[in-house]
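Heads up: the structure comes next, in structure tokens.
The values are calculated or read from the model by the stated rules, or taken from the named source; none is laboratory data. For clarity, every value in this text was computed on a predicted model and none was experimentally measured. Glycine also receives a Cβ, built like all others from the backbone with ideal geometry; neighbour counts cover every protein chain displayed. Note: areas computed on protein heavy atoms with side chains; ligands, DNA, RNA excluded. Shrake-Rupley method; radii C 1.70, N 1.55, O 1.52, S 1.80 Å.
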Amino acid sequence: MIRGDRVLARVEVKAQGRAFMAVQRLLPQADLLPYETVALNLSDIRRYAAQYRLDGVPLFIVWRVKRPCLGEGYWGQHIGPLIAVGNRYRDQRTWRRASTDSDVVEGEHRGVTVNYHFSLKELLPLEELVTKMAGL
């Protein structure tokens, strides 16, 4: 969101179609259900948090979620509450997948293998998020 030459907010949109079906088995302490779980690359959340701390410009992350049990919808949150959730659950919600050959490009490992997981219950439906953003 830009007004004149001033950045009022940043919005990052992520798309997720597949549910993390093994979340209860692999991260039992996370207390998450597959249909409600969305992921964010750990490197992304660290980068977003650093940017927000640096300049204070509100940053919102929106997930487009499309799942058979939910249909298609959009949920999101300001980076502040996401950082708080991350600090609260830290290792309980972090999952590192094994690297594969497709992670290596021209001899350099570029694949993201560490994801942090959130519940849709910790996010706002898009309509509520837009209202919150409008109040900036």
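Please list, in order along the range 58-64, the HN-Hα scalar couplings obtained from phi with the Karplus expression 6.51 cos²θ - 1.76 cosθ + 1.60 (θ = phi - 60°), rounded to whole Hz, x for Gly and Pro.
These are the phi-based 3J(HN,Hα) values: x, 10, 10, 10, 10, 10, 8 Hz.
Mind pulling the angle between the C-alpha long axis of helix 79-89 and the longest principal axis of the chain? Nearest 10 degrees, somewhere in 0 to 90.
Orientation of helix 79-89: about 30 degrees from the principal axis.
How large is the accessible surface per residue of the chain, computed with a 1.4 Å probe and reported in Å² as a whole number?
61
Net charge around K14, counting only other residues with Cβ within less than 10 Å of its Cβ (Lys, Arg = +1; Asp, Glu = -1)?
Within the 10 Å Cβ shell, the charges total -1.
Report the local net charge at L70: Lys and Arg +1, Asp and Glu -1, summed over other residues whose C-beta lies under 14 Å from its C-beta.
Neighbour charge sum, excluding L70 itself: +3.
Points 7 angstrom from Cα along the Cβ direction at R67 and Q29: gap in nanometres?
2.3
What order do L26, L40, L54 take when sorted by accessible area (1.4 Å probe), most exposed first?
Descending order: L54, L26, L40.
Where is the GNM fluctuation largest for the chain (alpha-carbon springs, 10 angstrom cutoff): G107, G17, G80?
Highest fluctuation among the options: G107.
Out of V38, V57, V85, any idea which swings most in a Gaussian network model of the chain, alpha carbons joined below 10 Å?
So, out of V38, V57, V85, the one fluctuating most is V57.
Compare L123, L27, L42 in a GNM of the chain, Cα atoms joined below 10 Å, and give the one with the largest fluctuation.
So, out of L123, L27, L42, the one fluctuating most is L27.
Mind sorting out which of [x] 45, 39, 27; [y] 42, 32, 26; [z] 33, 30, 27 is the real Cα extents along the principal axes in Å computed from the coordinates?
Looking at Cα extents along the principal axes in Å for this model, the match is [x].
How large a share of the accessible area of the chain, in percent, is made up of carbon and sulfur atoms when the probe is 1.4 Å and the other protein chains stay in place?
C and S atoms contribute 52 percent here.
Using a cut-off of 15 Å between beta-carbons, work out the net charge of the residues near L129 (Lys and Arg +1, Asp and Glu -1, L129 not included).
+1
Of the beta bridges DSSP finds with both residues in the range 1-103, what % are antiparallel, to the nearest 5?
Taking every DSSP beta bridge with both residues in the range 1-103, the antiparallel ones total about 60 percent.
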